[in-house]
Amino acid sequence: MLSKKVQAALNEQIKVEAESSQVYLAMASWAEIQPGIDNVTQFFYMHSDEERMHMLKLIHFVNERGGFATVPALPQPALTYPSIKHAFTALLKHEEFVSQSINNVLDIAMQEKDYATVNFLQWYVAEQIEEESLARTLNDKLELIGDEKSGMYMFDRDILSVSVEGGEE
Ligand code: FEO
């Protein structure tokens, strides 16, 4: 059985994952109307789906542990970005925020001696390491490319294979 505190923290994390899915969905829709970045577009759509999966995993866990997972209201995410680089910088910042949020939930579960939740959250800790690392790699590449059109062509060409190698699920 989940304590009230742990349930509230997990429900907050459900919101964070749902928001992440919305943020990346908006990035995908924006990218889709930019010329020549079809794979970047697909990357954002896939990333949005992944975040929804992270949210669902939490919902099932809360309900299976005798709690009640609440589906949150969400604010509208940023709809446009000044450049692709800006979108990827926002993605990295967002993932750093998610990692912090997971750590907070983990802290609460440890304080409450809820070791089942501590154990469950290990998957998210590992996932965040992968996601932050991938986001940093992509930002480093964009930094090197600058405004070069041929670089952006290669970035788009390679992004899906980089994200698979980077452990993207
Ligand atoms: Fe589920 Fe990318 O945080």
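Figures for the structure shown
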quantity: Failed criterion for Gly66 (all others in (1) closer than 21 Å to Arg157 by Cα; (2) in a loop (DSSP other than H, G, I, E, B) hold); calculated: (1)
quantity: Filter result (under 18 Å from Leu2 (Cα atoms) and either without any contact (Cβ under 8 Å) to a residue 40 or more places away in the chain or of a type in the set (D, E, K, R) (or both)) within region 112-162; calculated: Glu112, Lys113, Asp114, Tyr115, Val118, Asn119, Leu121, Gln122
quantity: Every residue from region 27-38 that is surrounded by 17 or more Cβ atoms within 10 Å (Cβ to Cβ) and either within 14 Å of the ligand (Cβ to nearest atom) or in a helix (DSSP H, G or I) (or both); calculated: Met27, Ala28, Trp30, Ala31
quantity: Set Leu10, Leu56, Leu74: member being within 20 Å of Ile102 (Cβ to Cβ), out of contact with any Pro (no Cβ under 8 Å at 6 or more places or on another chain) and assigned to a loop (DSSP other than H, G, I, E, B); calculated: Leu74
quantity: Conditions (1) within 14 Å of the ligand (Cβ to nearest atom); (2) outside any helix (DSSP H, G or I); number of the one not met by Tyr24; calculated: (2)
quantity: Test set (1) under 19 Å from the mean Cα position of the chain (by Cα); (2) free of Cβ contacts under 8 Å to residues at least 24 places away in the same chain; (3) under 27 Å from Met1 (Cβ atoms) - Val98 fails condition number; calculated: (2)
quantity: Residue check for Gln13: surrounded by fewer than 17 Cβ atoms within 10 Å (Cβ to Cβ) and touching a helix residue (DSSP H, G or I) at 6+ places or on another chain (Cβ under 9 Å); calculated: no
quantity: Scope region 81-105; condition among the hydrophobic types (A, V, I, L, M, F, W, C) and either more than 14 Å from the ligand (Cβ to nearest atom) or not in a helix (DSSP H, G or I) (or both); matching residues; calculated: Ile84, Ala87
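Read-outs throughout are calculated quantities, based only on the coordinates presented, and are distinct from any laboratory measurement. The model shown is predicted, which means the values in this text are computed figures rather than measured ones. FYI the Cβ positions are ideal-geometry reconstructions off the backbone, even for glycines, and counts take in every protein chain you see.
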